[in-house]
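Worksheet for the structure shown next.
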Amino acid sequence: MPTHAPIRLSVSEAAKFLGVSTRTIRRAVTAGLVTYIVVNERYKITLDSLLSFAESTTTVQKKLNTVGFGAFVEKWKLPKTNVKEIKTKGTV
C-alpha cells in the first residue's frame, strides 16, 4: 500500500479553510494544538491536525461548517452501511 505525504497548508490557507482569522491559527500553533513544519521560515500545518483542532473547538467547528470549507460540503461523514447489506445486494 503506498504511503502518501501529508497535506500541508500555510497559515493563511488554513485560516481560509476553517473560516477563521490567521491570528486564530497562529494561536493554535503557539499552543501546540496543530502539527506543523517550517519551510522557508513559514509554517506549514498538516491538514489532519487542523481538522482535529477544528473538532476540538466548538467555535472553530461552527465557523468551519458555515464560513469555511464545510459550507461547500453537504455532509462530512458518510453514512455507515452494513457490510452484509452490500454483499447481499451484489449477489442476486
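Bear in mind these aren't lab numbers, they're just calculated from the coordinates by the rules spelled out. Since this is a predicted model, take the numbers as computed values, not measurements. Counting neighbours? That spans all protein chains shown, and the Cβs are built from the backbone with ideal geometry, glycine included.
Computed values, structure above
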{"quantity": "Note, ³J(HN,Hα) from phi for region 10-16, Karplus 6.51, -1.76, 1.60, rounded to Hz, x at Gly and Pro", "calculated": "6, 4, 5, 5, 5, 5, 5"}
{"quantity": "Net charge, ALA14 excluded, C-beta distance under 11 Å - Lys, Arg +1, Asp, Glu -1", "calculated": "+3"}
{"quantity": "Sparse-neighbour loop sites [GluC sites (Glu not before Pro); region 11-58; at most 12 other C-beta within 10 Å; DSSP]", "calculated": "GLU41"}
{"quantity": "Nonlocal amide H pairs with TYR43, under 5 Å, H built at 1.01 Å", "calculated": "VAL11"}
